[in-house]
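Participant: Pasting in a structure now, in structure tokens, and then I'll have a few things to ask.
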Amino acid sequence: EASRAVPGVAWQHGRSLTPGGGFRMVTLGKSLAAGLASAIALAVYIALQVGVRLVLLASLTAVVAALRCDVEVLLAGLICWAVGRIPQRYQWSIDRVQLRPSWSDWRGGWSEVVVVGWTWHNAVGFDDEDMLRGTGYLLQIDELEVRLKLSSIWGALREHKSVKVCLLRAHGVRFSTNRNKQGALNLWRNLDLTDDDVNVKCFASQARKFGGLSGGGATVVPLPPIATAATRRVSGFWKTEWGRRPGSEPQSDSSEERDAQLQDAEMRYVEEPIGARTRRPRWGIPLRFDIHQVEVADIQLWVLDLLTLDVHRTSQAMGRDRVRIDLPSLEISRERLEAGDKRRAGAIDGVRGVYLGELVWVLVAELIPPVVMNAPGACSFTAAVATGLAIKDATKMLGAKTVQAAHFIGHNIKEALNLFDLPEPDRRSAPGAALRLKLIRGRQVTRKGRSVNCHAFIELLNSAGSVVDKARSEPQMWTKVPHWGEHFLLGPATSVSDAVRVTLYHRKSRQVVGITSSAREMPERYIGEVTLPLRCVLIQDAVIAEGGEVVGWFELTDDRGLRKGIPCSGEVKLGLQVIGAERLSEASDGGESSDASLL
């Protein structure tokens, strides 16, 4: 009877079940219906008799589903944690990552990776509490689907091949550029691009940055050899993939060996040196992606702040819906991705693929025509507002340059007519060392969230906190990004515990031009300062030449508490070099307490 209950199969009676007994099966339509009925009846009977087991089975299924969901969330958190540990410290959040691997060549062997709820947040400390308006991000993607061959990743990592991608699909893309009160743009702050002449990075403790006096000192660390043009030049950093080092003599090989090398070079991996004009933009990811199709749907763009030079109340007061640009969909083929550069199609080494930077620039180029066609009203309004604000910024900048030039001429005339000034002493011949300081420029330097007329007051302090030498820079008018480009020589310095302090002060416009008189350095006009012991400048590293200049961006802090708890904003780019460092004495036993007295 049990044999008759097999769905869709009937056993012919009167036959032996042994191999020699003529066993055979006959498929019958009626037996199919009978088998299904028997199976349903059996399932109902088991459910009534052993319901507890079904409950346990359902619970086990729920646990497995929950574990799978937790794995997806855990994988998303792991990716965000890893991205946050790179030097740029990108702030990412991902809801979950779904991985559907393919272990065979069925349907082409394409695996699927789905990223759900990806948000690239603004950098830490960028957003203003009263200006967020739900815009605390640079990029949001509701769902990103990538179909690729997992086996191609190993070849891309080890043999410079490309990652095979069948489809790159994104749905619900929102790109939002916005500026904070200091005028910084979230796009550039998130990318954290480094100047070519910088060779150190400064980390100011939060306690000192926001006015506390017990947070310790700033930490100055050298950048990696590959970081900037200055570090690569001094350290001699070079990769074999970049070819022959400039200035080096070619090896004297035989003509046959040179011909063989040239033939091999025609179809091998080629990578241009960093900084070369022909270098392909990869944005930190040294992998090529052979993408067959790109599909993007439901795109929203906010680019008004990207087209302006500073933050404006006019643009901030506008509703986001008014300056939003919508685009239903966008499709890019493989041929369009490879157009414009024959290297993308494998003309050099036979490997097809684009780098991440190339992919982004192609997306930008393809976005412009459909945006203009599908949203002409929003584009025209955004362009008109940006043009008006740009004219306003240019007029303001021209007026500031005029006032600065007039002040500079008047200052030089006054110095020339002052016959009682003594000549500047030769600090090179004085006992002790001298400090050469280059005041380059600043960024996001504000007071009460507004532009400033700032000048720098520079002091050389000994270990007891007394002023050894001082200097003053020219003022920079109506700006949040002052550009000085001035050089100073301070001295003499006698100990590595001596420190240099660069303090920024604000003055009213009528005081700068001389309509009214007041002290140049008033505590109520204090913006912020940078205090560095000379031991922070005497760094020995491969990226800094012996006795060479240290260049970096330094955060403005309130070491003396003059702002009464109000946070400082902005950074100053300085170049520092100690001349005659061998004349400096080591710190005494009370060196740490002496350094604390400088705060």
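Participant: Would a scan of the stretch 243-255 turn up a residue that is at pLDDT 65 or above and not in a loop (DSSP other than H, G, I, E, B)?
Facilitator: The first filter runs over the stretch 243-255 and keeps only residues at pLDDT 65 or above, leaving 243-246.
Checking which are not in a loop (DSSP other than H, G, I, E, B) leaves us with none.
No: zero hits.
Participant: I'm trying to understand the selection: among the residues of the stretch 317-343, which are without any contact (Cβ under 8 Å) to a residue 40 or more places away in the chain and either among the polar types (S, T, N, Q) or loosely packed, with under 14 Cβ neighbours inside 10 Å (or both)?
Facilitator: Looking only at the stretch 317-343, we keep the residues that are without any contact (Cβ under 8 Å) to a residue 40 or more places away in the chain, and these are 317, 319, 321, 329, 331-332, 335-336, 338-340, 342.
Passing the criteria: 317, 319, 321, 329, 331, 335, 336, 339, 340, 342.
Participant: In the stretch 273-316, what residues are among the basic types (Lys, Arg), touching a residue at least 12 places away in the same chain (Cβ under 8 Å) and closer than 26 Å to residue 185 by Cα?
Facilitator: 280, 282, listed by residue number.
Participant: Where in the stretch 313-389 are there helices (runs of 4 or more DSSP H), lying wholly inside it, with at least 1 residues that are modelled with pLDDT of 85 or more? Show your work before the answer.
Facilitator: Values: elements: 313-317, 334-338, 356-374.
In the stretch 313-389, the matching helices (runs of 4 or more DSSP H) lie at 334-338, 356-374.
Participant: Something else now. Filter the stretch 100-145 down to the residues that are open to solvent by less than 40 Å² (accessible area, probe 1.4 Å) and either farther than 18 Å from residue 80 by Cα or modelled with pLDDT under 85 (or both) and list them by number.
Facilitator: Once the filter is applied, which keeps residues that are open to solvent by less than 40 Å² (accessible area, probe 1.4 Å) and either farther than 18 Å from residue 80 by Cα or modelled with pLDDT under 85 (or both), the stretch 100-145 yields 102, 108, 109, 111, 123, 126, 128, 131, 135, 136.
Participant: Go through the residues of the stretch 273-293 one by one and say whether even a single one is of a type in the set (Gly, Ala, Ser), crowded, with 16+ Cβ neighbours inside 10 Å and either in contact with a Gly (Cβ under 7 Å, 6 or more places away or on another chain) or not in a strand (DSSP E or B) (or both). Give the derivation first.
Facilitator: Step one: of the stretch 273-293, the residues of a type in the set (Gly, Ala, Ser) are 275-276, 284.
Applying the additional criterion that residues be crowded, with 16+ Cβ neighbours inside 10 Å yields none.
Checked against the condition, which is being of a type in the set (Gly, Ala, Ser), crowded, with 16+ Cβ neighbours inside 10 Å and either in contact with a Gly (Cβ under 7 Å, 6 or more places away or on another chain) or not in a strand (DSSP E or B) (or both), the stretch 273-293 yields no hits at all.
Participant: Does the stretch 301-312 hold any residues that are among the charged types (D, E, K, R) and either surrounded by fewer than 15 Cβ atoms within 10 Å (Cβ to Cβ) or assigned to a loop (DSSP other than H, G, I, E, B) (or both), and which are they? Reasoning before the result, please.
Facilitator: Taking the stretch 301-312 and keeping what is among the charged types (D, E, K, R), we get 305, 310.
310 - this is the single residue of the stretch 301-312 that is among the charged types (D, E, K, R) and either surrounded by fewer than 15 Cβ atoms within 10 Å (Cβ to Cβ) or assigned to a loop (DSSP other than H, G, I, E, B) (or both).
Participant: With the requirement that a residue be closer than 22 Å to residue 220 by Cβ, part of a strand (DSSP E or B) and open to solvent by less than 20 Å² (accessible area, probe 1.4 Å), what does the stretch 477-500 give you?
Facilitator: Listed by number, the residues that qualify are 490, 491, 493, 495, 499, 500.
Participant: Within the stretch 357-378, identify whether any single residue is open to solvent by 50 Å² or more (accessible area, probe 1.4 Å) and touching a Gly at 6+ places or on another chain (Cβ under 6 Å), and answer yes or no.
Facilitator: Checking the stretch 357-378: not a single residue is open to solvent by 50 Å² or more (accessible area, probe 1.4 Å) and touching a Gly at 6+ places or on another chain (Cβ under 6 Å).
Participant: For residues that are touching a Leu at 6+ places or on another chain (Cβ under 8 Å) and closer than 20 Å to residue 114 by Cα, scanning just the stretch 172-193, find the one that is least open to solvent (accessible area, probe 1.4 Å).
Facilitator: The qualifying residue least open to solvent (accessible area, probe 1.4 Å) is 173.
Participant: Residues in the stretch 470-492: is at least one touching a Cys at 6+ places or on another chain (Cβ under 7 Å) and hydrophobic (A, V, I, L, M, F, W, C)?
Facilitator: Checking the stretch 470-492: not a single residue is touching a Cys at 6+ places or on another chain (Cβ under 7 Å) and hydrophobic (A, V, I, L, M, F, W, C).
Participant: Before we move on, is residue 586 closer than 17 Å to residue 465 by Cβ, charged (D, E, K, R) and modelled with pLDDT under 90? Can you show your working first?
Facilitator: Numbers: closer than 17 Å to residue 465 by Cβ: no; charged (D, E, K, R): yes; modelled with pLDDT under 90: yes.
In short, no.
The values are calculated or read from the model by the stated rules, or taken from the named source; none is laboratory data. Everything numeric in this text was worked out from a predicted model, so none of it was measured. With ideal geometry, Cβ positions are generated from the backbone for all residues, glycine too; neighbour counts draw on all protein chains shown. The accessibility values were calculated without ligands, DNA or RNA, using every heavy atom of the protein model including side chains. Shrake-Rupley method; radii C 1.70, N 1.55, O 1.52, S 1.80 Å.
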